[in-house]
DNA sequence: AGTGTATCCTGCAGGC
DNA sequence: TGCCTGCAGGATACAC
């Protein structure tokens, strides 16, 4: 569910409210979202104060002192927010009771999300397995092309692999490919330098405008205050099978590979 | 080594 | 109305 723009929106909100708050108690209602020992998980957070909230790919990094990071991956339906906001929590999985009587809630319908505690050192190692941040100014079109030529995977699948680019999911992979005129089934190594350049630009444009719109809400996604993202209106192909392409009026098609739907315009994407 | 598939889980929409 | 099927924004263990 949440991809880079949705996670970024939540992180920015939480960074305004969470730092300085101390965890008085942690309650785990759905134990499978916490992969480590529950006892250890609780004890490592007890009495700790949130410092900063950051993002790496689709992961929320909540730094608590000292040298300890709570890493939250929202999976398909995970949500983080405060009790008594507009948010309705139907499937609470973890409660964090804070020293100002607020309760931070991790809620997750399908429970594909995960919460883990890492030391700074452990996370640094783990983070190496993730690809570059697509919105980083140091991420250049040449970096993308250099990596693309090493893989025969379909470009849509390639984009979903977090080792290649961090934070891209099915919505923004499809939208970026549409914007750059590339068919989702093309093998990664078939992309020319020019196409890599177009894709690089499309990724940055698609992701940054989605952040400006506070993410895409199709069904479950809500920001930390419980509000929906407004980027759904900007989607050109994702979820629009059978509708007319906005630029050539051919019908948007859906094909399935790697168990995931790919949406594209047969007229615009070769 | 590099890819595709099945799987974790719940809820919802659509067809009959 | 109710049952069944397919599908959903992710990540990963496994088979080939």
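Bear in mind these aren't lab numbers, they're just calculated from the coordinates by the rules spelled out. This is a predicted model, so every value here is computed, not measured.
Round to the nearest 10 and give me the degree value, 0 to 90, for the angle of helix A:170-180's Cα axis relative to the longest principal axis of chain A.
So the inclination is approximately 30 degrees.
State the dimensionless ratio Rg/Rh of chain A (Rg: radius of gyration of Cα atoms; Rh: Kirkwood radius).
1.00
Report, in cubic angstrom per residue, the convex hull volume of the C-alpha atoms of the stretch A:76-118.
Taking only Cα atoms, the stretch A:76-118 has a hull volume of 72 Å³ per residue.
Using the Kirkwood radius built from alpha carbon pairs, what does the Stokes-Einstein equation give as D for the stretch A:173-227 at 25 °C and 0.890 mPa s, in µm² per second?
Translational D for this selection: 194 µm²/s.
Would you mind computing the Rg to Rh ratio of the stretch A:7-68 from its alpha-carbon coordinates, Kirkwood style for Rh?
So for the stretch A:7-68, dividing Rg by the Kirkwood Rh gives 0.97.
Using Cα-only point scatterers and the Debye equation, what is log10 of I(q)/I(0) for the stretch A:107-191 at each q in 0.26, 0.27 Å⁻¹, rounded to two decimals?
After summing over all Cα pairs, the log10 values are -1.33, -1.39.
Could you work out the Rg to Rh ratio of the stretch A:47-194, with Rh taken as the Kirkwood radius (inverse of the mean 1/r over all Cα pairs)?
Value, to two decimals: 1.05.
Compute the angle between helix A:193-212 and the longest alpha-carbon principal axis of chain A, please, reported from 0 to 90 degrees and rounded to the nearest 10.
Approximately 40 degrees, to the nearest 10.
Translational D (Stokes-Einstein, µm²/s) of the stretch A:1-133 at 20 °C and 1.002 mPa s when Rh comes from the Kirkwood sum over C-alpha pairs?
It comes out at roughly 145 µm²/s.
Ratio of the stretch A:139-270's C-alpha Rg to 2.2 N^0.38 Å, to two decimals?
1.03
Any idea what the relative contact order of chain A is, in percent, if you count C-alpha pairs under 8 Å spaced at least 6 apart?
After rounding, I find 19 percent.
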